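Single-structure report; data block below.
The values are calculated or read from the model by the stated rules, or taken from the named source; none is laboratory data. What you are looking at is a predicted structure, and each value in this text was computed from that prediction instead of being measured. Counting neighbours? That spans all protein chains shown, and the Cβs are built from the backbone with ideal geometry, glycine included.
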Amino acid sequence: MRTAIEINRLCKTYRGSKTPAVDQLTLTVPEGAVFGLLGPNGAGKTTTIHILCGLRSFDSGEISIAGYSPKRRWKDIRRRIGFVPQDIALYPSLTAYENLQVFGGLMGLRGKLLKNRINELLHLFGLEHGKHRLIEHYSGGMKRRINLIAGLLHRPEILFLDEPTAGVDVQTKNLMLDNLKTINREGHTIIYTSHYMEEAETLCTQIALIDGGKTICTGTPSGLIAQTKGCDKLEDVYLQLTGKKLRDE
Ligand SMILES: Nc1ncnc2c1ncn2[C@@H]1O[C@H](COP(=O)(O)OP(=O)(O)O)[C@@H](O)[C@H]1O
Ligand SMILES: [Mg+2]
């Protein structure tokens, strides 16, 4: 099977910090996977995603995305990936539609093609009616959906989602997850971060549990549940392997 992403002994320590945010992280994401990068707050999920999307530098190790090394072949990678940030990144004083025009334009989409893609995705995510309203008047769940659409407009081969369902209600979450499953079935690889284990268990074909910037285990959700003693759901595996201590005090 071809790999979408290879990470080999990746290290990153932020300037001024004593402990690494990513510490010898090694992972392989097969093409076509919904790959969950899971772990508690501060585990290094966002830093890893940012490095893979070319938004941050790293200290050592190797990464390859769609077969290319981002250091040398960023131009070949850029339009093949989509990135949906953890912190909503939209222009509040533009409408939803205008926001999507901006993001699609940045990916080289224009005219009728862009218009059709925007309308298609607004329909899929149940947002066609409010598309001419300003983002600042949108609810949190609606902003999350527009944030997600912004990363999908150019139909990326590999989609990076950093906590895409944070803070949304159950109905919105279910709609988002159903659509992500459909998008994955159409051939898009998804890398997704979360600390919602129940959600990850239903969505992911494979997961890596990370903590302290290191990989703790990788496998399929059912495989990890079966091989971890006394566990019958992914949350049990997660708690057993990452411990019960609070992380963001
Ligand atoms: N810009 C930054 N400067 C310094 N330290 C950071 C920065 N961003 C994240 N960190 C630290 O790096 C570690 C990993 O953070 P992050 O990648 O955001 O984890 P996660 O997304 O899993 O919650 C944490 O200890 C966090 O405090
Ligand atoms: Mg994060």
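Identify, from the list ASN179, ASN147, ASN174, the residue that is closer than 24 Å to GLY82 by Cβ and surrounded by fewer than 17 Cβ atoms within 10 Å (Cβ to Cβ). Full working, then the answer.
On the way: ASN179 fails: surrounded by fewer than 17 Cβ atoms within 10 Å (Cβ to Cβ); ASN147 fails: surrounded by fewer than 17 Cβ atoms within 10 Å (Cβ to Cβ).
Just a single option satisfies the conditions, and that option is ASN174.
Tell me which residues, restricted to region 1-17, are out of contact with any strand residue (DSSP E or B) (no Cβ under 6 Å at 6 or more places or on another chain) and at pLDDT 95 or above.
The first filter runs over region 1-17 and keeps only residues out of contact with any strand residue (DSSP E or B) (no Cβ under 6 Å at 6 or more places or on another chain), leaving 2, 13-17.
If the condition is that a residue be out of contact with any strand residue (DSSP E or B) (no Cβ under 6 Å at 6 or more places or on another chain) and at pLDDT 95 or above, then THR13, TYR14, ARG15, GLY16, SER17 are the ones that fit.
Quick one: which helices (runs of 4 or more DSSP H) sit completely within region 175-249 and have at least 1 residues that are in contact with a Pro (Cβ under 6 Å, 6 or more places away or on another chain)? Give the steps one after another, and end with the answer.
Numbers: elements: 197-203, 221-227, 234-242.
Passing ranges, in order: 197-203, 234-242.
Considering region 1-35 alone, what residues qualify as being within 18 Å of GLU186 (Cβ to Cβ) and within 16 Å of ligand 1 (Cβ to nearest atom)?
PHE35
Consider ALA96 carefully, then state whether it is hydrophobic (A, V, I, L, M, F, W, C), in the same structural domain as GLN206 (by TED's automatic domain parsing) and either within 25 Å of ILE149 (Cβ to Cβ) or within 16 Å of ligand 1 (Cβ to nearest atom) (or both).
Numbers: hydrophobic (A, V, I, L, M, F, W, C): yes; in the same structural domain as GLN206 (by TED's automatic domain parsing): no; either within 25 Å of ILE149 (Cβ to Cβ) or within 16 Å of ligand 1 (Cβ to nearest atom) (or both): yes.
Considered against the rule, which asks whether it is hydrophobic (A, V, I, L, M, F, W, C), in the same structural domain as GLN206 (by TED's automatic domain parsing) and either within 25 Å of ILE149 (Cβ to Cβ) or within 16 Å of ligand 1 (Cβ to nearest atom) (or both), ALA96 comes out as no.
Is there a residue in region 66-75 that is surrounded by fewer than 16 Cβ atoms within 10 Å (Cβ to Cβ) and within 16 Å of ligand 2 (Cβ to nearest atom)?
First pass over region 66-75, keeping only residues surrounded by fewer than 16 Cβ atoms within 10 Å (Cβ to Cβ): 67-69, 71-75.
Next, from what is left, pick out any that are within 16 Å of ligand 2 (Cβ to nearest atom): none.
No.
For the list (1) within 10 Å of ligand 2 (Cβ to nearest atom); (2) under 23 Å from THR205 (Cβ atoms); (3) surrounded by fewer than 17 Cβ atoms within 10 Å (Cβ to Cβ), I need the number of the one condition that GLY44 fails.
(3)
What is the number of the single condition among (1) among the β-branched types (Val, Ile, Thr); (2) closer than 16 Å to HIS188 by Cβ; (3) touching a helix residue (DSSP H, G or I) at 6+ places or on another chain (Cβ under 7 Å) that ILE63 does not meet?
Among (1) among the β-branched types (Val, Ile, Thr); (2) closer than 16 Å to HIS188 by Cβ; (3) touching a helix residue (DSSP H, G or I) at 6+ places or on another chain (Cβ under 7 Å), ILE63 violates only (2).
Of all residues in region 86-122, which are exposed (fewer than 12 other Cβ atoms within 10 Å of the Cβ) and under 21 Å from LEU177 (Cα atoms)?
Listed by number, the list holds a single entry, ASP87.
Among the residues of region 185-205, count how many are surrounded by fewer than 19 Cβ atoms within 10 Å (Cβ to Cβ), modelled with pLDDT of 95 or more and in contact with a Ser or Thr (Cβ under 8 Å, 6 or more places away or on another chain).
Here the count works out to 1.
Give me a count of the residues in region 202-221 that are away from ligand 1 (no atom under 13 Å from the Cβ), within 17 Å of the chain's Cα centre (by Cα) and either farther than 19 Å from GLY243 by Cα or small (Gly, Ala, Ser) (or both).
Residues meeting the conditions: 5.
Can you say whether ARG56 is in the same structural domain as ARG185 (by TED's automatic domain parsing), without any contact (Cβ under 8 Å) to a residue 40 or more places away in the chain and not β-branched (Val, Ile, Thr), as far as the supplied structure shows? Even if it seems obvious, please write down each step before you answer.
On the way: in the same structural domain as ARG185 (by TED's automatic domain parsing): yes; without any contact (Cβ under 8 Å) to a residue 40 or more places away in the chain: no; not β-branched (Val, Ile, Thr): yes.
So ARG56 does not fit the description; no.
For region 10-42, which positions are within 15 Å of the chain's Cα centre (by Cα), within 15 Å of ILE216 (Cβ to Cβ) and among the small types (Gly, Ala, Ser)?
Answer for region 10-42, where residues must be within 15 Å of the chain's Cα centre (by Cα), within 15 Å of ILE216 (Cβ to Cβ) and among the small types (Gly, Ala, Ser): GLY36, GLY39.
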